[in-house]
1. Among residues belonging to the range A:81-105 that are within 8 Å of chain B (Cβ to nearest Cβ) and over 26 Å from residue B:80 (Cα atoms), point out the one that is surrounded by the fewest Cβ atoms within 10 Å (Cβ to Cβ).
2. Among the residues of the range B:1-23, how many are at the interface with chain A (Cβ under 8 Å from one of its Cβ atoms), surrounded by 11 or more Cβ atoms within 10 Å (Cβ to Cβ) and either at pLDDT below 80 or touching a helix residue (DSSP H, G or I) at 6+ places or on another chain (Cβ under 7 Å) (or both)?
3. Cβ-Cβ under 9 Å, sequence separation 6+ or interchain: first residue in the range A:58-80 and more than 9 Å from chain B (Cβ to nearest Cβ), partner surrounded by 24 or more Cβ atoms within 10 Å (Cβ to Cβ) and not in a helix (DSSP H, G or I). Which pairs?
4. Just checking, which of B:261, B:275 is in contact with a helix residue (DSSP H, G or I) (Cβ under 7 Å, 6 or more places away or on another chain), over 21 Å from residue B:148 (Cβ atoms) and assigned to a helix (DSSP H, G or I)?
5. Looking at this structure, is residue B:242 crowded, with 19+ Cβ neighbours inside 10 Å, touching a helix residue (DSSP H, G or I) at 6+ places or on another chain (Cβ under 7 Å) and free of Cβ contacts under 8 Å to residues at least 40 places away in the same chain?
6. For the range B:365-478, which helices (runs of 4 or more DSSP H) that fit wholly inside it have 1 or more residues that are under 30 Å from residue B:492 (Cβ atoms) and in contact (Cβ under 8 Å) with a residue 24 or more places away in the chain?
7. Condition (residue is surrounded by 15 or more Cβ atoms within 10 Å (Cβ to Cβ), over 30 Å from residue A:65 (Cβ atoms) and more than 14 Å from chain A (Cβ to nearest Cβ)) applied to the range B:46-54: is it met by at least one residue?
């Protein structure tokens, strides 16, 4: 994929898709969206970047190994369930806090933490597969 | 902003309000703990030297948690925790009763000793491939399967342990490992699909997936719902997972290919998860249907026993022999489930627990034999007795145990099963059990005679040293086998209570639905 057009568009497309994936993740609580689909969009972004600039560039850009990202996601999801210990409610109960950030009330919850964990697991696991496929295929 | 997110309906009637007791957390902790430790290990990619330490500490923690859970359940009866506060049957319930807790503890012990054994068996490349994270995730799946109170959730844990087991099987990426994994994976996916279909069917018929709720609802639907079909579907799916005849051929085809410690884990744990699921579904959820199907189960059990042990007689590869012995043992458990009653169910549970410890131990022995004799075939292995008498003694004890000879743990479940079979007049089943035991003795006798006693080329008097990490796990498992064989009383009482709790699941149902149905 050495086309100039593709290489010019890829960074813009990637950043837009990454942003959109986070939007989809956050939207997911009450409307269609969520961690899984958000994660898939983010992986597509990484895959496009990899096609344009090579897998090594992507690996450098995401800094952590994809499997480490997946592990962090799994840990986050598990901890999101375990936080309920401190609130004396059963495992995985949704707990909400509403801190005011910059004068705006932001609802944060263990559900969101769990979903972010799912997002990271999908990014890490599917990303790991996609990157190694790109590495071996082509050229 | 907050108002738009707060639910408009009054949800308080759908939630559990009593705060969970500290003990109730023990029900969910085995799974959460394994997942958390496994995730941590996945994250620590570079310092792989730390992996074994973290994993062994994690598994020791798991043994502790499961031990506390068993104590709690033995004293206070079944315990339930519902995910996310939703009232059952809508919230997914984790319910630990004696059966689940016993299996979970035995599995944790097996995993811990396997973790120690892996110190000498898994090299750096195995660690880099992720042996320890996969081990923790496998244990998350196994613990989840033993402790969940929801049949769809059981399916999910089956998937978790299946995926981890694929990873463990291909560790090393040798062609024959891939070959074994394909057979294993294909057959298991068929079984899993069947399980999923049966679960969907069950949901369509009963409208619930919660096990306690199924047990209650099935009571009133015996005349109208196709429950025997359902039970039959579940039976086939779980029998496939447990490697029962005629769907047993995947096990001997795949269990001898991976690393020894992986074989040991699989031999100890995976088929027993299938047996556990069979016990749970056939005995607790569909007791009347089990009666209907008991003849099929008994015949399948008898054939499994005989086919398994004959297969073992025909093999020369140490690990293949063990694979067939596992199959033969599964037959005894099926026979117990078919016979039913406290003796039959209890015997099946006891046999499963015994088989977990003994089969894992024997796989360790096969690994050590491979290291000492540089061969896995009993045609070429010889003179192991001279090389390490202690190792030979431990293996001999395990051979006795797996044959069901006293004073080892295999004796008591055999006695229970034979007695239970005779009590209901199934003399042919009792005879098959005894015959299988006799043939197993021949199998292990042949194994010991050829690999250990036969004079080898090895010079006499030369004793090889084995590291504590190699011999220790074997000694611990043999010790447990001997202990259970000599002093079975406490375990026997627990198993009898567990079988009674399955036959009359009112304690289980009450723990999920305290104070009756809302």
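The values are calculated or read from the model by the stated rules, or taken from the named source; none is laboratory data. Bear in mind the structure is a predicted one, so any value in this text is a computation, not a measurement. Every residue, glycine as well, gets a Cβ built from its backbone with ideal geometry; the counts of neighbours run over all protein chains shown.
1. A:104
2. Summing the residues that are at the interface with chain A (Cβ under 8 Å from one of its Cβ atoms), surrounded by 11 or more Cβ atoms within 10 Å (Cβ to Cβ) and either at pLDDT below 80 or touching a helix residue (DSSP H, G or I) at 6+ places or on another chain (Cβ under 7 Å) (or both) in the range B:1-23 gives 2.
3. As it stands, the answer is A:80/A:92, since those pairs meet every condition given.
4. Within the list B:261, B:275, the selection yields B:261.
5. no
6. Because the criterion is at least 1 residues that are under 30 Å from residue B:492 (Cβ atoms) and in contact (Cβ under 8 Å) with a residue 24 or more places away in the chain, the helices (runs of 4 or more DSSP H) in the range B:365-478 that meet it are B:389-403, B:411-423, B:427-448.
7. no
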